[in-house]
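The values are calculated or read from the model by the stated rules, or taken from the named source; none is laboratory data. None of the values given here were measured: they were computed from a predicted structure. Methodologically, a virtual Cβ is constructed for each residue, glycine included, from the backbone with ideal geometry; neighbour enumeration extends over all protein chains shown. With ligands, DNA and RNA removed, areas are computed over all heavy atoms of the protein, side chains included. Shrake-Rupley method; radii C 1.70, N 1.55, O 1.52, S 1.80 Å.
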Amino acid sequence: MIDIIKKAIVKGAKLYSNVSGGKDGQAMTKVLIDWGFEIEALVHADLGRAEWPESLKHCEKLSQWHKIPLTIITRTDGRDLVEHWQDRMKKLAGTGKPFWSSSASRYCTSDLKRDPINVFYTSTGYDLIISCEGIRSQESSARAKKNPLTIRERNSSSFYKGMTVEEAIENFIPGKRLVLTWFPIFNFSTEEVWNTYGNTSEQLQQFRKEYLKTGLINMGYINDPTWNFHPAYVYGNERVSCAMCVLANESDIKIGAKHNPVLYDILVKMEIESGFTFRKDFSLQTLTKIKSNGNSYSAKIKEHGSRDCI
């Protein structure tokens, strides 16, 4: 598959790495660099108040580590995910239809990530683009069935309709936009993801124990014997997306509520006002509410001094 990507690069393809602040996008960025690819920019779709406050900061840190520009994407109308939920809540009031995102209705992804990123790709003026995403087959049975290299049809000229990726690259014509979606670490295990920045699952467990004992996270830089990924993993999260994601397990949602009490308050009020629980089988009101102490999260993060890492 890398050979196919290299053929596209020879024809002038620009490569973008999508990062949310989570481990997979971060690992993918490092792997692309290790494989010798030049990344045009890191792309972060910012969902506003629904995000962990550390996520954008972590993406900025990745940009600094690797000396790659960071492009922050938002909706053209400036609406964040919380506002998007609130707008849908008003529009669907009285219909008996739930307004929250769900596995069957992932408008949070389409409306605040994919579509705005498509607008950005169109705005670059480049006709051949490779959009890299940190999707891994190990994450779920649904993801395991995905094709790790496809034509992004909504962004591409109809000229390529019906072609395979290889055919589209071979027949690429400047002026007829071709955008590919590639999952570079599709077959990586979680342990391989941690290893990309010199961490291990054993270290993660040690950092979690230290955090529970001291309330501190020893954040490091590439190849330091400290934690190089998003701090939410040390808080106990299995995955990092929105601070309280409708697709997350209950433990991750509880951790998100604990560290983001202001967001938690907003979402609980929306549950009460609408009569619809956050998920069909789960209400945020069942969680132990954490009172805000003026901070959006309670951990103290010890940052090491910056240094060149490439």
message = Please list, ordered by chain and number, the residues whose modelled amide H lies under 5 Å from the amide H of E51; skip anything fewer than 5 residues away on the same chain.
response = A243
request  = Can you work out the accessible area per residue across segment 62-106, with the rest of the protein chains kept in place, probe 1.4 Å, in square angstrom?
outcome  = 57
query = Among F159, N147, I130, which residue has its Cα positioned farthest towards the positive end of the charge dipole of segment 125-171, with +1 placed on the Cβ of Lys and Arg, -1 on the Cβ of Asp and Glu, and the dipole taken about the Cα centre?
reply = N147
query = How many nm separate the modelled label positions at V10 and W35, each set 7 Å beyond the Cα in the direction of the Cβ?
reply = 1.7
inquiry  = For the pairs K6/K145; K30/K269; K145/K269, flag any whose C-alpha to C-alpha distance is greater than 31 Å.
reply    = K30/K269; K145/K269
note = Amide H proximity to L128 below 5 Å, modelled H, separation 5+ or other chain, gives K14, L178
Accessible surface, 1.4 Å probe, highest first, among residues D265, D80 = D265, D80
key: Accessible surface of segment 87-167 [probe 1.4 Å, protein heavy atoms]: carbon and sulfur percent   = 49
Table column - 3J(HN,Hα) (Hz), segment 52-66, Karplus curve with 6.51, -1.76, 1.60, x for Gly and Pro = 4, x, 6, 5, 4, 4, 5, 5, 5, 5, 4, 4, 5, 4, 9
Heavy atoms of I2: accessible area, 1.4 Å probe, square angstrom to 10 = 60
query = In a solvent-free Debye calculation with one equal scatterer on each Cα, what is log10 I(q)/I(0) for the chain at q = 0.11 Å⁻¹, listed in the order of the q values?
reply = -0.73
query = Using alpha-carbon positions, what is the distance between the centroids of segment 181-223 and segment 102-153, in Å?
reply = 24
task = Measure off, as a whole percent, the carbon and sulfur share of the 1.4 Å-probe accessible area of segment 196-250, all protein chains present.
result = 51
query = Looking at segment 172-259, which trypsin sites (Lys or Arg not before Pro) are in a loop (DSSP not H, G, I, E or B) and have at most 13 other Cβ atoms within 10 Å?
reply = none
message = At 1.4 Å probe size, what's the solvent-accessible area of T150? Round to the nearest 10 Å².
response = 50
query = Too long at a 19 Å Cα-Cα cut-off: which of K61/K213; K97/K280; K254/K280; K209/K258; K14/K61; K14/K176?
reply = K61/K213; K14/K61
request  = Please go through segment 1-105 and write out the GluC sites (Glu not before Pro) that DSSP classes as loop and that have at most 13 other C-beta atoms within 10 Å.
outcome  = E38
request  = May I have the convex hull volume per residue, in Å³, for the Cα set of segment 179-248?
outcome  = 123
ask   = Over the chain, what relative contact order in percent results from Cα pairs under 8 Å that are six or more residues apart?
value = 20
message = Only bridges whose two residues both fall in the chain count here: according to DSSP, what percent of them are antiparallel, nearest 5?
response = 20
query = Given G48, T29, V10, which one lies farthest toward the positive end of the charge dipole of segment 6-48, if we put +1 on the Cβ of every Lys and Arg and -1 on the Cβ of every Asp and Glu?
reply = V10
